[in-house]
């Protein structure tokens, strides 16, 4: 076969393939898994954008290993796509660069306690795949101020970190209540805590997840109370780039799989035992029945591997925010059946 | 340039004919331009491929956040562009305060280092060395955390006559409230302050005879004070003092940190420039019977100024750029507000950084152009 013959042959073949795809999409022809997954497989590792360092979500321990809630999500994804939770390259991103790093293609996915909002979805050309942590902005104030609700904070000065939308939420809240709250923005938590400690501001504000960590670092944690109310909705979640919906699908269904695992009582420890289950939902999730994994373009046992690597959603939460860790009640982060908001879509 | 031509071959690296030189300069400029255009094109095409085109329309969207300290009238409903203006005026405010204080302090320290008194000379030297050899950010944080956060709480503030209050939240002073005529009277007062000296210079009468003209602004000032509808006096209310005007500790700490650091370098510039003036000048002045201070003021400093100004320009530009360190201690300057809050809310990282660089570049180019003109005035004029 000459060179030109080969090209011709290839063209015909691909035309045929396209025709087949067009007519037989309903016949479950497996489409290509998308450029991002191909790149990950070729590279042999997932490049995961996480927070550069915040207790609970993502931080490096004394040996330099990444730990945290978002980090476990990265590992689950790597296990599902590459079969090995260790094949992750973590990129610690600051609030300023996080979306640019994702847009420019330096990372495959951004799992970095980042709020999903309209302007990030539409204005920045990103896909908001799913919420993995429901948070809200709250206040920590000195007990001695005798303030019971945030609405009483008229004229108060609040210290906070720059790099999020904290000051915007506070301004919105103050406007809605017709009050005035001053926001002092610090680059680093050390200076912000020092200013709060010295009395330069009346309180400190952050997402509920981080407030618990902040209180534990104050000189006398008992002098401070975290107010019960939250002034904003902060659905923290996973961002991917627009343009590769296959990859976004995989990320979405891995997140769903972790939550479904909790729903059906599947844990890191009992996942092998659960393979004997007769429940069709469990069998589909673990890749024993049907070809859900294959249809996504990953290993058919991809979800099984993800659960085996990090456990169910509930286990991940407990490991980083549970009573033995930061001690943050699950609240909205419970499954819907427990009074929370996580309502995973069914595997069928 | 005319002088260049007359120099012999050892001044030029490669002796060549003027036409050749022109050709080579053209080639260099063309290469530089090509590289620049290639960079720009490269950035643009890469951004386009990732559907990230440059878009500055976000500037007109409402900002939504409030500023804790400002000298403009920025409200949360104003646009991001207005937030840029408000934050920029905070940067200019602290830079201007810093430049003035650093100059005065630097001159004083520099002259002290040249003093004949052992104590003055060494005290100044010790301070200069201490400030010059520690990081500037550390000094700013020291002023903020180490000094100003030791001030008393709002309820225990140091008060002067119930009008002035100093506490950890800042210095609170009474603020005049404008009446119906205040603005017009203030404008008239400003106008009279400009016109009176001009009139006195150009009127044909003897200067002594027109001294009464100064009564006009004095009367205007009295009327202006009378026109005020009252004073806003700070008073403790709820968490904090309300009313009056406040100078927040963030501004003071940044101001102190910037001016002291630059003053240390300016002191060295002053010392070097003064010592650079030929010894004979001073001796000549003494032999004419001038005392030390007039000698310094009339003979030495004017000559030292020629050497000083170009170096001072560097210090001023550094000070303006260093004002961005205020972001560390919550001073709402342009880097914190625009490259922090606005960047985050809009997500337009590249656009925000481009604007920020443009702003700093134009401020510093303007400042150095101004100082270059000043330098030209003071430079030795050969006639």
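Dividing the convex hull volume of the alpha carbon atoms of the range A:137-232 by its residue count, what do you get in Å³ per residue?
Values: hull volume 8.0 nm³, N = 96.
Per residue, the Cα convex hull of the range A:137-232 comes to 83 Å³.
Helix-only mean residue ellipticity at 222 nm, chain A, DSSP H runs n ≥ 4 weighted -39,500 (n - 2.57), per residue, nearest 500. What is it? It would help to have the intermediate numbers written out before the result.
Values: 12 runs with 129 residues, N = 348.
Calculated at 222 nm, the ellipticity per residue is -11000 deg cm²/dmol.
Which residue fluctuates most in the GNM of chain B (Cα springs below 10 Å): B:262, B:229, B:192?
Looking only at B:262, B:229, B:192, the biggest GNM fluctuation is shown by B:192.
Under the definition of partner shielding as Cβ atoms of other protein chains within 10 Å of a residue Cβ, what is the mean value for peptide B:340-353?
Details: counts 9, 9, 0, 7, 11, 6, 3, 11, 5, 8, 3, 0, 1, 2.
The shielding value for this peptide is 5.
Grab the Cα-Cα distance for residue B:245 and residue B:134, subtract it from 0.36 nm times how many residues apart they are, and report the gain in nm with one decimal.
Details: separation 111, 0.36 × 111 = 39.96 nm, distance 3.36 nm.
So the chain would gain 36.6 nm between residue B:245 and residue B:134.
For a quick check: sort B:220, B:260 by the number of other beta carbons within 10 angstrom, fewest at the front.
On the way: B:220 19, B:260 22.
Ascending Cβ contact count within 10 Å gives the list B:220, B:260.
Most mobile of A:45, A:152, A:262 per a Gaussian network model of chain A (Cα springs, under 10 Å)?
Most flexible of the set in this elastic network: A:152.
Over the Cα atoms of the protein assembly as shown, what Rg and Dmax result, in angstrom?
In Å, with Rg to one decimal and Dmax whole: 33.7, 113.
Run lengths n ≥ 4 of DSSP H only: what is the helix-derived mean residue ellipticity at 222 nm for chain B, with -39500 (n - 2.57) per run over all residues, to the nearest 500?
-19500 deg cm²/dmol
With Rg and the Kirkwood Rh both taken from Cα atoms, where does Rg over Rh land for chain B? Walk me through the numbers on the way to the answer.
On the way: Rg = 27.1 Å, Rh = 26.1 Å.
Taking Rh as the inverse mean 1/r over Cα pairs, Rg/Rh reads 1.04.
For a test of the definition: using alpha carbon positions, the gyration tensor, and the 1.5 limit on a/c, classify the range B:175-229 as rounded, prolate or oblate. Mind dumping the intermediate values first?
Values: a/c = 4.45, a/b = 2.76, b/c = 1.61.
Prolate, because a/c is 1.5 or more and a/b exceeds b/c.
What distance in nm separates the simple spin-label points at residue B:48 and residue A:180, each placed 7 Å from Cα in the Cβ direction?
Label at residue B:48, label at residue A:180, 5.0 nm between them.
Need one number: convex hull volume per residue for chain A, Cα atoms only, in Å³. Could you put the intermediate results ahead of the total?
Numbers: hull volume 59.1 nm³, N = 348.
Here the figure is 170 Å³ per residue.
How are the alpha carbon pair distances in the range B:218-312 distributed across 5 Å bins from zero to the largest one, expressed in percent?
The distribution over the range B:218-312 is 3, 10, 12, 10, 9, 8, 8, 9, 11, 10, 6, 4, 1, 0, given as percents.
Pick from B:338, B:239, B:88 the residue whose mean-square fluctuation is largest in a GNM of chain B, springs joining Cα atoms under 10 Å.
B:239
Given a cut-off of 16 Å, what percent of all Cα-Cα pairs of the range B:292-351 lie beyond it?
Numbers: 1129 of 1770 pairs.
When every Cα pair of the range B:292-351 is considered, 64 percent fall beyond 16 Å.
Arrange the following residues from fewest to most other Cβ atoms within 10 Å of their Cβ: B:214, B:255, A:247. Intermediate results must be reported in sequence, preceding the final value.
Numbers: B:214 14, B:255 23, A:247 26.
Lowest to highest Cβ neighbour count: B:214, B:255, A:247.
What number, in percent, do you get for the relative contact order of the range A:137-232 if the mean sequence gap of Cα pairs under 8 Å and at least 6 apart is divided by its residue count?
Values: 163 pairs, mean separation 45.2, N = 96.
For the range A:137-232, the relative contact order is 47 percent.
Using only the alpha-carbon atoms, what does the range B:250-290 span along each of its principal axes? Please give whole angstrom values in decreasing order.
That gives 51, 18, 6 Å along the principal axes, largest extent first.
Once the Cα atoms of helix A:189-198 and of chain A are each reduced to a long axis, what angle between those two axes, in degrees from 0 to 90 to the nearest 10, is obtained?
The angle comes out at about 20 degrees.
Let me have the relative contact order for the range B:120-240, percent, based on Cα pairs under 8 Å that are six or more residues apart.
Values: 97 pairs, mean separation 34.5, N = 121.
Taking the mean separation of contacting Cα pairs over the length of the range B:120-240, I get 29 percent.
Hey, what did chain B get for relative contact order, percent, Cα under 8 Å, at least 6 apart? The partial results should precede the final answer.
Working: 416 pairs, mean separation 80.1, N = 383.
Averaging sequence separation for qualifying contacts and normalising by length gives 21 percent for chain B.
Would you list B:297, B:113, B:121 from fewest to most Cβ contacts within 10 Å? The partial results should precede the final answer.
Working: B:297 11, B:113 21, B:121 14.
The most exposed by this proxy come first: B:297, B:121, B:113.
Values quoted throughout were computed directly from the atomic coordinates according to the rules given, and no laboratory measurement underlies them. Note that the structure is predicted; figures quoted are calculated from it, not measured. Cβ sites come from the backbone with ideal geometry, for glycine too, and all protein chains shown count toward neighbours.
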